1. Can you put 238, 364, 280 in order of Cβ neighbours within 10 angstrom, beginning with the fewest?
2. Taking the Cα centroid of region 14-58 and of region 254-273, what is the distance between the two, rounded to the nearest whole Å?
3. By counting other Cβ atoms within 10 Å of each Cβ, how are 77, 245 ranked from fewest to most?
4. Mind running the shape call on region 199-255? Use the C-alpha gyration tensor, a ≥ b ≥ c as the square roots of the eigenvalues: rounded below 1.5 for a/c, prolate if a/b tops b/c, oblate otherwise.
5. Could you give the angle, 0 to 90 degrees to the nearest 10, between helix 271-289's Cα long axis and the longest principal axis of the Cα atoms of the chain?
6. How far is the Cα center of region 349-364 from the Cα center of region 84-144, in Å?
7. Tilt of helix 304-332 relative to the longest C-alpha principal axis of the chain, in degrees (0 to 90, nearest 10)?
8. Given Cα pairs under 8 Å that are at least 6 residues apart, what percent is the relative contact order of region 2-220?
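Read-outs throughout are calculated quantities, based only on the coordinates presented, and are distinct from any laboratory measurement. What you see is a predicted model; the values in this text were computed from it and never measured. Backbone-built Cβ (ideal geometry, glycine too); neighbour counts: all protein chains shown.
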Ligand code: GDD
Ligand code: MN
């Protein structure tokens, strides 16, 4: 496997030389093609010059530079380069400041080699640690960042969603549209994890001890924290989009049903014939909208004719329920408004429709 360790740097002149050497030391124990890619954002302290000098010593060391746009933007550039130019099979994310122990790199790689797609060096699983001397604010910041990611963005099963020490198969990253991620800063970490989970990545957490940097200072600012919180809500909204869309489609189906029912009767059709026709019409428009809009992102292995067959079965069931309701109400209340009887049939039909379509026709 070809593995590229990405080191994003901004003003890390005191750390970068040391971390490059420490990594090369670890690489000797790893039976894979190991490369380092430094993504420096034109650090004014001359970090890039140190990397350039080290390139004379190490042929597996690469450097790209660019404008400072945030940690996430740097990782996006680095990942694209690692995939397109270096043809990496696995990418590692790692801080350049020794917060992440280079000695843990072999364990992360072993876990990937064992079959995982997305390995997190985790501070919040048994055996993992945050620095003893972290102040109240820093502790709260990290805790709350994870609470937001887990309970608002919905990644309950992952303990450390914000970690910056990870190994990821590029087969997963290639499925993600990195440019579409709406985050520039540290929030990138949770967005990437979220997208990986959507793409069925096998996620594993292994314990690591996070240590405070001894040289230089942290770049995590207030705007990163704000972006972090907003991003968690954005992800939540994205998640509920399927349900929102289904509701919109359902509401449009009610309109199609009742308007066509009224129209058909106005054209002189008997209400007992107009009813099932109107129901069928709304089932078809609902199916088409759900197929091409609500569930369009669901990966479904069914051939189109199988899905069509399932659709017919579902339609038949909901049409039956809906029409039975209409007939029953017309009988109980023969003088009543037919539109009301027709509308009442929509309720049980919608439930059956949603259940069968979501768990069967459009099953992932
Ligand atoms: N190229 C580039 N551009 N690098 C950056 C930028 C940027 O805008 N901002 C930060 N970096 C680099 C730093 O130079 C360092 O190597 C690494 O990214 C992490 O930055 P730190 O400033 O040391 O972050 P931290 O220790 O406060 O944050 C840690 O915890 C976060 C939350 O759990 C890191 O592990 C993060 O990755 C993690 O998300
Ligand atoms: Mn750090």
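1. Working: 238 14, 364 11, 280 18.
Ranked by crowding around the Cβ, least crowded first: 364, 238, 280.
2. Region 14-58 and region 254-273 have Cα centres separated by 73 Å.
3. On the way: 77 21, 245 16.
Ordered from fewest to most neighbouring Cβ atoms within 10 Å, 77, 245 come out as 245, 77.
4. Values: a/c = 6.91, a/b = 2.25, b/c = 3.07.
In terms of gyration-tensor shape, oblate.
5. 10 degrees
6. Using only Cα atoms, the two centres lie 40 Å from each other.
7. 40 degrees
8. Across region 2-220, relative contact order equals 27 percent.
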